[in-house]
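Read the structure below first, then the notes.
The values are calculated or read from the model by the stated rules, or taken from the named source; none is laboratory data. Quantities reported herein were computed from a predicted structural model and do not represent experimental measurements. Positions of Cβ are generated from backbone atoms using ideal geometry, with glycine treated the same way; all protein chains shown enter the neighbour counts. Note: areas computed on protein heavy atoms with side chains; ligands, DNA, RNA excluded. Shrake-Rupley method; radii C 1.70, N 1.55, O 1.52, S 1.80 Å.
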Amino acid sequence: GAGVSQSPSNKVTEKGKDVELRCDPISGHTALYWYRQRLGQGLEFLIYFQGNSAPDKSGLPSDRFSAERTGESVSTLTIQRTQQEDSAVYLCASSLRIGQPQHFGDGTRLSIL
Amino acid sequence: GIQVEQSPPDLILQEGANSTLRCNFSDSVNNLQWFHQNPWGQLINLFYIPSGTKQNGRLSATTVATERYSLLYISSSQTTDSGVYFCAVEPRGGSEKLVFGKGMKLTVNP
């Protein structure tokens, strides 16, 4: 597609459940990034991929969070045993290469009951 | 880690007014980007500006890397300019992640 696509756009789930968020980057973009934005806050970096590799996982908040990317395309962010503090908008961005302008998807709004 | 400070934190304008948003950062950077988040939450990349000046319509941006600040100018503001403006920097020294400021909320009234 023309832009970064994220799904689902909204997700409501019960505390303790696992969730999987998906990001389809702009075609040809080798770099992909995940961010979290809590209500009224700025963006918090989670993880980035160069190709299918994630050189820096230090931004992931806990070991309940994991991410993978396959085929230098789609990425999934998985949150296991969700907690209420995981409620936020999860944003994905891609860029042609690392260090180039980032283009964002519309995000997934995650609500943990 | 690097600190990114934006000012003012909030701004209310009448349509047609001009404004300047400032971003200060505490260390050397590889690049700097300005984003606009509209009231529906969509983030749009406005400028990729590690140094120098760029213009795009009513918007322009200037980054003075040696003095560690960037300015975003909005001229003849419109109600559609409302939203939150973020400055984000990529620190120099191997980290590839963007560090965002807390944002500046702009409200343009008709």
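Neighbours of B:Glu90, meaning other residues whose beta-carbon lies under 14 angstrom from its beta-carbon, give a summed charge of +1 when Lys and Arg score +1 and Asp and Glu score -1. For region A:24-29, the Karplus equation 6.51 cos²θ - 1.76 cosθ + 1.60, evaluated at θ = phi - 60°, returns couplings of 10, x, 5, 4, x, 7 Hz by residue, with Gly and Pro reported as x. Counted by Cβ distance under 9 Å from A:Arg36, the other residues give a net charge of -1, where Lys and Arg count +1 and Asp and Glu count -1. At the nearest 100 Å², what buried accessible area, both sides summed, do you get for A and B when the probe is 1.4 Å? It comes to approximately 1400 Å² buried between A and B. Evaluating 6.51 cos²θ - 1.76 cosθ + 1.60 at θ = phi - 60° for every residue in region A:66-78, the Karplus couplings come out as 8, 8, 9, 9, 10, x, 6, 9, 4, 10, 10, 10, 10 Hz, glycine and proline recorded as x. Distance between the C-alpha centres of region A:71-113 and region B:59-95: 23 Å, rounded to the whole angstrom. Only aspartates and glutamates eight or more places from A:Lys17 in sequence, or on another chain, were considered; those with a Cα closer than 16 Å are A:Asp63, A:Glu85, A:Asp86. In this structure, the amide hydrogen of B:Asn30, modeled 1.01 Å from its nitrogen in the peptide plane, lies closer than 5 angstrom to those of B:Glu90, B:Arg92, counting only residues at least 5 positions away or on a different chain.
Taking all Cα-Cα distances within region A:24-84, those exceeding 14 Å account for 56%.
Rounded to the nearest 0.05, what FRET efficiency do B:Arg92 and A:Glu85 have when you use their Cβ-Cβ distance and R0 = 30 Å? For B:Arg92 and A:Glu85, the calculated efficiency is 0.40. Local charge for B:Met104 was computed over the other residues whose Cβ lies under 15 Å away, with Lys and Arg +1 and Asp and Glu -1, and equals 0. Applying a DSSP loop filter and a limit of 16 other Cβ atoms within 10 Å to the chymotrypsin sites (Phe, Trp or Tyr not before Pro) in region B:19-110 leaves B:Trp40.
Relative to the globular-protein estimate of 2.2 N^0.38 Å, the Cα radius of gyration of the protein assembly as shown stands at 1.02. Partners of A:Lys15 within straight-line reach, counting lysines whose Cα lies under 30 Å from its Cα and excluding those fewer than 8 residues away in the same chain: A:Lys57, B:Lys97, B:Lys102. The residues of region B:84-108 occluded by other protein chains by 20 Å² or more of accessible area, set against the chain on its own, are B:Phe86, B:Glu96, B:Lys97, B:Leu98, B:Phe100; surface from heavy atoms, 1.4 Å probe. For region A:40-78, trypsin sites (Lys or Arg not before Pro) are listed when DSSP marks them as loop and at most 13 other Cβ atoms sit within 10 Å of their Cβ; the list is A:Lys57. Rg/Rh for region B:4-109 (Cα atoms only, Rh after Kirkwood) is 0.96. From Cα pairs below 8 angstrom and at least 6 apart in sequence, can you work out the relative contact order of region A:45-113, rounded to a whole percent? Relative contact order of region A:45-113: 23 percent.
Checking every one of the GluC sites (Glu not before Pro) in region B:1-88 against DSSP loop status and a limit of 14 other Cβ atoms within 10 Å picks out B:Glu15.
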